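S.K.: The following block contains the structure, expressed as structure tokens.
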Amino acid sequence: MCVSNKYDCVIVGGGISGTVTAWQLFRQGLKVVIVDPRSAPVMRLAESMPASAEPMMHRLGLLELLQQEPHSMHSGQISSWGEPVLREAPLSDRHHGWKVDKSVLTTQIQTRLPEKCLFNGKVVEVSEHDDVWFCRVKSAQDGSEHSLESRFIVDASGRQGYLPRVLNLPRHTFDKLTAFVANVPSPFNLKGLSPSVVVEAFEHGWTLISRLNAEQSMLAIFCNQHTPGFSQLKHSRNWHDIAVNTPCFYNALPEQPFTVKAINASSHIMGRLNGKNWLLAGDAAMAFDPLSSHGMTTAIYMAEKASQAILAALNGETTALHLYSKSMTEIYNSYLNELFGYYRREQRFPDSEFWRSKQGIQQPEVRNVIG
């Protein structure tokens, strides 16, 4: 059976960016629906948010969620970057910020939405006629098809994106970074400290230990096709060999085998972020290298700005969507220049193809990626 429903906005993708966008539009009285399969994530990803993000979370009515388990205050970062010595990042006046379980936070926000705002399924086809989007969606529960009509559509479906493929949008990709990720029991108490994050650079990449909660941490090896044994890192038995020069990471590895997931961690931005009655948000618009720690905060900020632009556009403000794209592009260009600065601080491995690939893009190539 095919059921027709009319909305102000259909959001493709129920990750953090799509969910916050829906939350904001719902708070403003719009009829909105998230279309997402809502399957459990294969890996839980440990994210960090700085204390400076708290005013934004307060504006969004979400700050109290960070104060609930499993989220916790960020207890600090230790890194070996540019030198073999592990150093602790200085504390801010209050605290570093928050350690956030992104999948849990997304679910917490979705529970604040009425059930009718969530469609458990996937988009099969989209088309546009007379400024109205027609979305054919398939239920994940019983396979039934539904037709959704909407004045506006948001793609927040992640790095692969749905609309970019339908609209054949160009993608600017700036590197090829892969994260091999595992969830393991929380491993350590380092010299009397219990840092939330430990980063260690090595000759062919860098490693990350990021606490999820008191019992579990995320381990990740970041590398690319230049890393020796790259294809073998999907098997945990090979992690000890590559981690021999990252002592904290090495000591955190469980003795027994564990599940590894390969995740695209490269930086990219789409050549267009909006059209007349559509826009891209979250990783569907632009994605960040985890080294920058920009991903979670920027995804939520982008959702806030996207919802504001959508409201303005639906009320007849013709420049709102363009200004959204311009603002996001400026953020991305600043991020890229900052990111390459981070990578260039590590000068211990001049013969490493990995580090050459991360440090070799020149300034003119980085700026103004969208005309």
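S.K.: Averaged across orientations, what area in nm² does the convex hull of the alpha carbons in region 171-299 project?
M.R.: Details: hull surface 36.4 nm².
It is 9.1 nm².
S.K.: ³J(HN,Hα) across region 236-248 via Karplus (A = 6.51, B = -1.76, C = 1.60, θ = phi - 60°), whole Hz, x for Gly/Pro?
M.R.: In residue order, the calculated couplings are 4, 5, 9, 5, 4, 5, 7, 9, 4, 9, 10, x, 5 Hz.
S.K.: Now for a separate question. Taking H placed 1.01 Å from N in the peptide plane, check which residues at least 5 places from Trp206 or on another chain put their amide H under 5 Å from its amide H.
M.R.: HN-HN under 5 Å from Trp206: Phe222.
S.K.: Taking 1 over the mean of 1/r across every pair of different Cα atoms in region 41-80, what Kirkwood radius in Å do you get?
M.R.: On the way: mean 1/r = 0.0840 Å⁻¹.
Evaluated over region 41-80, this radius sits at 11.9 Å.
S.K.: Can you pull the Kirkwood radius for region 312-359, inverse mean 1/r over Cα pairs, to one decimal in Å?
M.R.: Details: mean 1/r = 0.0752 Å⁻¹.
One over the average 1/r among Cα pairs gives 13.3 Å for region 312-359.
S.K.: How high is the relative contact order of region 10-153, in percent, counting Cα pairs under 8 Å that sit 6 or more residues apart? If you can, show how the numbers build up before the last one.
M.R.: Numbers: 225 pairs, mean separation 38.8, N = 144.
Dividing the mean separation by the residue count of region 10-153 yields 27 percent.
S.K.: Among 213-226, 147-160, 129-142, what's the highest-first ranking by average C-beta atoms within 10 angstrom per residue?
M.R.: Numbers: 213-226: 19.0, 147-160: 21.8, 129-142: 13.9.
Averaged packing, sorted descending, gives the order 147-160, 213-226, 129-142.
S.K.: Quick one: what are the phi-derived ³J(HN,Hα) couplings along region 129-135, Karplus 6.51/-1.76/1.60 with θ = phi - 60°, whole Hz, x for glycine and proline?
M.R.: Working through the residues one at a time gives 9, 6, 6, 10, 8, 10, 10 Hz.
S.K.: Let me ask something else. If you average 1/r over all unlike Cα pairs in region 1-133 and invert the result, what Kirkwood radius do you get in angstrom?
M.R.: Details: mean 1/r = 0.0576 Å⁻¹.
One over the average 1/r among Cα pairs gives 17.4 Å for region 1-133.
S.K.: Binned at 5 Å from 0, what are the whole-percent values of the Cα-Cα distance distribution for region 218-293, short to long?
M.R.: Going out from 0 Å in 5 Å bins, region 218-293 shows 3, 12, 20, 18, 15, 10, 8, 6, 4, 3, 1 percent.
S.K.: Can you tell me the relative contact order of region 231-305? Whole percent, Cα pairs under 8 Å, sequence separation 6 or more. Numbers along the way, then the final one.
M.R.: Working: 55 pairs, mean separation 16.8, N = 75.
It rounds to 22 percent for region 231-305.
S.K.: Starting from the Kirkwood radius over alpha-carbon pairs of region 235-336, derive D by Stokes-Einstein at 10 °C in a medium of 1.306 mPa s and give it in µm² s⁻¹. If you can, show how the numbers build up before the last one.
M.R.: On the way: Rh = 16.3 Å.
Rounded, D is 98 µm²/s.
S.K.: Tell me the relative contact order for the chain as a rounded percent, counting alpha carbon contacts under 8 Å between residues six or more apart.
M.R.: On the way: 732 pairs, mean separation 74.9, N = 371.
This gives 20 percent for the chain.
S.K.: Measure up Lys31/Lys138; Lys99/Lys138; Lys122/Lys326; Lys116/Lys276; Lys305/Lys358; Lys122/Lys176 against 24 Å on the Cα-Cα distance and list the ones that go over. Write out the running numbers ahead of the final one.
M.R.: Values: Lys31/Lys138 20 Å; Lys99/Lys138 35 Å; Lys122/Lys326 30 Å; Lys116/Lys276 26 Å; Lys305/Lys358 30 Å; Lys122/Lys176 28 Å.
Lys99/Lys138; Lys122/Lys326; Lys116/Lys276; Lys305/Lys358; Lys122/Lys176, as the Cα separations exceed 24 Å there.
S.K.: Give, to the nearest whole percent, the P(r) tail of the chain beyond 33 angstrom, counting all Cα pairs.
M.R.: Working: 21921 of 68635 pairs.
For the chain, the share of Cα pairs beyond 33 Å comes to 32 percent.
S.K.: Along the Cα→Cβ direction, 7 angstrom out, place labels at Asp142 and Arg344. What is the inter-label distance in nm?
M.R.: 6.0 nm
S.K.: So what is the diffusion coefficient of region 49-114 in µm² per second by Stokes-Einstein at 20 °C and 1.002 mPa s, using a Kirkwood Rh over Cα pairs?
M.R.: Details: Rh = 13.5 Å.
It diffuses with D of about 159 µm²/s by this estimate.
S.K.: So what are the ³J(HN,Hα) numbers for region 68-80, from phi and the Karplus equation (6.51, -1.76, 1.60; θ = phi - 60°), rounded to whole Hz, Gly and Pro as x?
M.R.: The phi angles translate into 10, 5, x, 5, 8, 5, 5, 9, x, 10, 10, 9, 10 Hz.
S.K.: How do Glu54, Glu47, Glu115 rank when sorted from fewest to most other Cβ atoms within 10 Å of their own Cβ? Before the final figure, lay out each step's value.
M.R.: Numbers: Glu54 15, Glu47 23, Glu115 8.
Placing the least packed residue first, the sequence is Glu115, Glu54, Glu47.
S.K.: What nm value, rounded to one decimal, do you get for the distance between Ser186 and Ser292 when each label is placed 7 Å out toward the C-beta?
M.R.: Going by the 7 Å Cα→Cβ label model, 3.0 nm.
S.K.: Separate question: With r as the distance between the Cβ atoms of Thr173 and Arg27 and R0 = 35 Å, compute the FRET efficiency 1/(1 + (r/R0)^6) and round to 0.05.
M.R.: 0.50
S.K.: How big is the convex hull of the Cα atoms of region 1-47, per residue, in Å³?
M.R.: Values: hull volume 4.1 nm³, N = 47.
Hull volume normalised by residue count: 88 Å³.
S.K.: Once you have all Cα-Cα distances for region 75-182, histogram them in 5 Å bins from zero and send the whole-percent values.
M.R.: Computed distribution, short to long bins: 2, 7, 10, 13, 15, 13, 11, 9, 6, 6, 4, 1, 0.
S.K.: Just going by the charge dipole of the chain, with Lys and Arg at +1 and Asp and Glu at -1 on Cβ, which of Ser266, Asn245, Ala284 is farthest out on the positive end?
M.R.: The residue sitting farthest along the positive end of the dipole is Ala284.
Each reported figure results from applying straightforward, stated rules to the coordinates on display, with no laboratory input. Just so it is clear, the model here is predicted, and its values are computed rather than measured. For neighbour counting, all protein chains shown are included, and Cβ atoms are generated from backbone atoms with ideal geometry for every residue, glycine included.
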